[in-house]
Each structure stands twice: as structure tokens, then as C-alpha cells.
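Colleague: This structure is in C-alpha cells; I'll ask about it shortly.
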């Protein structure tokens, strides 16, 4: 395996970690507001808050690792994406800041504010929608290059079927992943009321998720035929993803093994995520930028790989300790401490 492929694989793994952890967080924000607005807040909010309290501070660690590593391994990325993503990136940063303000007011304030919950729920959908712009732009056709100047064609971006299909998939995937995890979490807490409500959410959002996946395939066929054909070559991964999806939905529907069902959800997205990523290689921005013509020097690459491995070895035990002490501690989950 070349340094280029090893580097992008490490980064893709961190991005996958962010996909799962952040999806649970973002979806929990939406469900927190939605349940409150529909009169079911008292049923599910205890479970949601018990999950969020020890976790929200570490959600963005994976994203920070990814972006720092991306610029370190592939310096030319900043030239191609920096200007083009100035507006979408700024919007995402503002939304993350708004989301952080909710945590401050909610966890350290004295009163529950409906408008804070609204902002919390809205940002849970808008942040993944804005971040998904990066994957959309990477397919080519949205950035215009005029000499040394680059610009993002917003007209093409906002009228593209592929762009909207990706946004739709990003939003419904967040809600599906989060609902499946919170279903498992409510079951572990022994909270039957929350389990019943969240299980319905998980089953409901499973349909739009698989529909959005097929819409992205169709939109990819229209927008970038080369990438679509390479995705067909990795079709076995997408086939596995569908099987994992069916297994997860079956277990949730039958009210069996919610923990196993969420593992299947993670495997579902892992198979699809790595299938998409492998088909996208060697391009970072089609057709202008590849992992080979923008890679850093060998010394820097070895240093970054070593740093990321060390960071990963530090991050995984920390997350394990966090889960052991809080998320999967029976007394904490059940609200006894």
C-alpha cells in the first residue's frame, strides 16, 4: 500500500468515526426538540440528556483530526477547496457555535428555553447538510477555474439533483443512525416509554434512508458517470450494506437485540462509506486533484502517519473509558448516579 493510499485511508477512517458519533449527537438534538414540540419530551429527554451530557465535548475530535490531516497529507487541497468552501464552511462553523451555546445554556443554566431547543434541533439538521457540500463538490462540475482564480458556482450547486440528493441523504441518515442508537440506549436504561417512542422513530426513518441512498446512486449516474461505474465495481460492498440494513431493521421491528441492530447499522454505513471512498480514488476533486499529484513529501507523510497512529491509540482508550464510566455504566444509564 502506497503512502498516498495509506494516508487517505487513515483520514477516511477518522471521517467515518465522525459520521457515526456526530450523527447520534445531531439526531438527538432534533429528536429532543421534536419530542418536546409533540408533547413527548418528558418521555425521551431523560435518555437523550444522559447520553449527551458526557459526550458532546468530544464529538468534533474526529472532524478536527480529519481536516488537520487532510491539509497535512494533501497541501494542495487548501488551494482548491479553501476559497470555494469559504461560505459553506463559515455557515457550518456558525451553526456549530450556535449548537455549543445550547449546551452552555442548557447544562449550566437554570431554565429550559424553548428557543434554545429549536436552535439545537435545527442545527442538528443544518450542520450535516452544510458539511455534505464537501462531498458534493468533490464530484466535479461545481468549481470554476479561471487561471489562478477558483470560484464555486452556486447556481449549478443549488440546481443540481446530485447536490440535493446528497443533502437529503445526509439529513435522513443522521436521524436514522441517531434513532437506532437511542433505541438501544433506552432499552439498556430500562426506559420502556422512551424505547417505544424511539423505536418508532428508527423504523420511520429507515425508509427515507434507503430511498435517499438509491436517489444518490441515480444522481451520481447523471452527474459523474465515471464514478458511478467505479461504484458498480465495488457493488459487493453496497450489497453488504443493504443486507446489514435489512438485518438491523428486522431486529428493531421484532424488538430483538437492539445492541446488535446498532452494530449492523454501523456496518451498513461502513460498507457504503468505504465503497464510495474506494470508488472515488484517486480523486480528491474530480478531475483536477488526485491523491498522487498533491501528496506531501515522504518525511512529512511518515511523521503524520506516526502522529495519527499515536493519536488514535490515545483516542480509542479515552473513548472506551468514557463509555465504560458513563454510556454503558448501568447505574448511570438508568439514572441512578
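The values are calculated or read from the model by the stated rules, or taken from the named source; none is laboratory data. Just so you know, these numbers come straight off a predicted model, no measurement behind them. Heads up, the Cβs are rebuilt from the backbone with ideal geometry, glycines too, and the neighbour counts pull from every protein chain shown.
Colleague: Here is a list: 127, 96, 91. Which entry is modelled with pLDDT of 75 or more, in a helix (DSSP H, G or I) and farther than 30 Å from residue 214 by Cβ?
Modeller: 96
Colleague: Just for the stretch 150-161: of the residues that are outside any helix (DSSP H, G or I) and touching a residue at least 40 places away in the same chain (Cβ under 8 Å), which one is nearest to the chain's Cα centre (by Cα)?
Modeller: 160
Colleague: Name every residue in the stretch 162-211 that is over 15 Å from residue 261 (Cα atoms), assigned to a helix (DSSP H, G or I) and over 21 Å from the mean Cα position of the chain (by Cα), in order of residue number.
Modeller: 189, 192, 193, 194, 196, 197
Colleague: If you take the residues of the stretch 144-181 that are more than 23 Å from residue 222 (Cβ to Cβ) and touching a strand residue (DSSP E or B) at 6+ places or on another chain (Cβ under 7 Å), which of them is surrounded by the most Cβ atoms within 10 Å (Cβ to Cβ)?
Modeller: It comes out as 150.
Colleague: I'd like the residue in the stretch 61-80 that is touching a strand residue (DSSP E or B) at 6+ places or on another chain (Cβ under 8 Å) and either part of a helix (DSSP H, G or I) or at pLDDT below 75 (or both) and, out of all such residues, is nearest to residue 10 (Cα to Cα).
Modeller: By that ranking, first place goes to 77.
Colleague: Tell me whether the stretch 216-238 contains one or more residues that are closer than 23 Å to residue 27 by Cα, in a helix (DSSP H, G or I) and free of Cβ contacts under 8 Å to residues at least 40 places away in the same chain.
Modeller: No - not one qualifying residue is present in the stretch 216-238.
Colleague: Let me ask something else. Can you report the number of residues in the stretch 279-306 which are free of Cβ contacts under 8 Å to residues at least 60 places away in the same chain and surrounded by 17 or more Cβ atoms within 10 Å (Cβ to Cβ)?
Modeller: 2
Colleague: Out of everything in the stretch 50-60 that is assigned to a helix (DSSP H, G or I) and either under 20 Å from the mean Cα position of the chain (by Cα) or within 17 Å of residue 175 (Cβ to Cβ) (or both), what residue ends up being modelled with the highest pLDDT?
Modeller: 58
Colleague: Taking residue 105 as the residue in question, decide whether it is surrounded by 14 or more Cβ atoms within 10 Å (Cβ to Cβ), part of a helix (DSSP H, G or I) and either under 20 Å from the mean Cα position of the chain (by Cα) or at pLDDT 70 or above (or both).
Modeller: no
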